[in-house]
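Heads up, the thing below is written out as structure tokens.
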Amino acid sequence: MGFEDVGFTTADPFDEHKRLLQEMSAEYAWAEAVGLELLKGTDPRTIMPTAKTIIVLMEVYFREAYPRSMEGHFGRCYLDDDRITHDGLYQRIKAFRGFLRDHGIDSQVPFNLPHRVAAARAGMGTFGKNCLFYSNAVARGGSWTLPIAVVIDREFPPGTPTMEIDCPDWCRNACIAACPTRALKGNGRIDPRKCISYLTYFGDGLTPLELREPMGMYVYGCDRCQNVCPRNQAWLAQELPMNEKVVAKAADFNLSAMLHMDIPYFETRIWPHMFYMSTNDIWRWKMNVAWVMGNSRDRRYTGDLTRTLQGNPDERVRAMAAWALGKLGGDEAQSALLAARDTESKMVNAEVALALEGGKP
Ligand code: SF4
Ligand code: SF4
């Protein structure tokens, strides 16, 4: 069915993981608030009372190459995500569950089970200090993997757990040094609230000034701590065939198009592929695109940002457009900022003034 590896572990609770989530309750409060139910997911028997085994299917989500225009702005794991469109992995999981059913085995695929921990407990790989799971059998030992935990009511012999962090001593913590927002704590833990991935889709309000440059060119997600990791270089060095499905939708994810998109555009072309933000959050998509344009150093975007500063209905988007114009600089950007000076809401006026002063607080 196209999965690259398979492993087995018991359906025993993930007590250590539960303890970690409880210790880090402040860091993970947002996850419970949006209904992810991570704590509940630490006991497979709350999901299936008759659970005996977890089968872990290993998917490599970076099996094919992606256009630079896509992987430069979006985390790779979101580029071919079919959780809404149901036209890829979803069908294979469904077929696998059908296969189990044909053999008299009941199954559940819970979204909230700690799937990476399940994979490590099944002995399928180890962790990195960037908190990601590294396969010991596929993706040339890399982290471009998506373990899928299937809870079943049949006993199978479990694998030998490999729960450790297995980074080479000589690496000198490249991921921790590369993380621009210092989300990685160095002990195999992460503060998700500081992670760019979280900030791009769940961040609150206008992105703080000190994060805008560090968030760089990412509109949604972040792969920096994976891209710099030596454990991933064997996979990254390969020539891979291009993912034509992603090529086909790349034009829809053009930065200018997203900055000016209307609700039907968002709902038909963007949301089905990257759905953590709802239609009500369309402003955040645009705000993210605006800071990326500002960080791009590409004055081709001056016109887009000027139009946004002049006409976007959301002050957070206009404010970020002002910041981005200040970053791009040049006569045209300066004129747009001067025209907007003191004509705006308090938030936008402050950003315009800051941009005209050269961007320093
Ligand atoms: S995904 Fe980005 S922001 Fe998050 S921990 Fe990795 S490097 Fe840091
Ligand atoms: S960059 Fe280095 S420390 Fe970080 S996960 Fe990779 S090998 Fe481990």
Pull out a ≥ b ≥ c, the square roots of the eigenvalues of the alpha-carbon gyration tensor of the range 176-267, then state rounded if a/c is under 1.5, prolate if not and a/b is larger than b/c, and oblate in the remaining case.
oblate
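Between the DSSP loop rule and a limit of at most 13 other Cβ atoms within 10 Å, which trypsin sites (Lys or Arg not before Pro) in the range 57-141 are left? Let's see the in-between values first.
Numbers: sites: Arg63, Arg68, Arg76, Arg83, Arg92, Lys94, Arg97, Arg101, Arg116, Arg121, Lys129, Arg140; in loops: Arg63, Arg83, Lys129.
Answer in residue order: Arg83.
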Between Tyr134 and residues 5 or more places away or on another chain, which pairs have amide H atoms under 5 Å apart, with H built 1.01 Å from N, and which residues are they?
Thr126, Phe127, Gly128
Relative to the longest principal Cα axis of the chain, at what angle does helix 315-328 sit, 0 to 90 degrees, rounded to 10?
70
Per-residue accessible area, 1.4 Å probe, largest first, puts Phe133, Phe111, Phe127, Phe202 in the order Phe111, Phe202, Phe127, Phe133
Once you sort the root eigenvalues of the Cα gyration tensor of the range 23-136 as a ≥ b ≥ c, which label holds: rounded (a/c under 1.5), prolate (a/b larger than b/c) or oblate (the other case)?
oblate
Identify unpaired cysteines across the chain, taking unpaired to mean no other cysteine Cβ lies under 4.7 Å from the residue's Cβ.
Cys77, Cys131, Cys167, Cys171, Cys179, Cys195, Cys222, Cys229
Per GNM of the chain with C-alpha springs under 10 angstrom, the most fluctuating residue out of Gly123, Gly294, Gly330 is Gly330
Whole-angstrom gap from the range 47-74 to the range 176-245, using each part's C-alpha centre:
17
In debye, nearest 20: dipole of the chain around its Cα centre with unit charges on the Cβ of K, R (+) and D, E (-)?
380
Give the separation of the Cα centroids, the range 283-350 to the range 106-136, in Å.
42
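Largest first, what is the accessible-area ranking of Cys225, Cys77 with a 1.4 Å probe?
Ranking Cys225, Cys77 by accessible area, largest first, yields Cys77, Cys225.
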Among Trp235, Trp30, Trp323, whose mean-square fluctuation peaks in a Gaussian network model of the chain (Cα, cutoff 10 Å)?
Trp30
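Roughly how many debye, to the nearest 20, is the charge dipole of the range 193-273 about its Cα centre, given +1 on each Lys and Arg Cβ, -1 on each Asp and Glu Cβ, and no other charges?
Details: 8 positive and 9 negative charges, 53 e Å.
With Lys and Arg at +1 and Asp and Glu at -1, about 260 debye.
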Classify the chain from the C-alpha gyration tensor, please: rounded if a/c falls under 1.5, else prolate or oblate depending on whether a/b exceeds b/c.
prolate
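Considering only protein heavy atoms and a probe of 1.4 Å, how much of the accessible area of the chain is carbon and sulfur, as a whole percent? Numbers along the way, then the final one.
Values: 8670 of 16860 Å².
That fraction is 51 percent.
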Under a 1.4 Å probe, what is the accessible area of the chain per residue, stated in Å²?
47
Using Cα-Cα distances under 8 Å and only pairs 6 or more residues apart, what relative contact order does the range 1-150 have, in percent?
33
Dipole moment magnitude, nearest 20 debye, the range 154-227 about Cα centre, only Lys, Arg, Asp, Glu C-beta charged:
140
Farthest towards the positive end of the dipole of the range 213-361, among Ser296, Ala237, Val348 and with Cβ unit charges of +1 on Lys and Arg and -1 on Asp and Glu, lies the Cα of Ala237
What Rg and what Dmax come out for the range 243-361 when only alpha-carbon atoms are used, in angstroms?
14.7, 48
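The values are calculated or read from the model by the stated rules, or taken from the named source; none is laboratory data. In this text, all values refer to a predicted model and were calculated from it rather than measured experimentally. Neighbour counts are summed over all protein chains in view; Cβ atoms, including those assigned to glycine, are modelled from backbone coordinates with ideal geometry. Quick note on the areas: whole protein, heavy atoms, side chains included, nothing else; ligands and nucleic acids left out. Shrake-Rupley method; radii C 1.70, N 1.55, O 1.52, S 1.80 Å.
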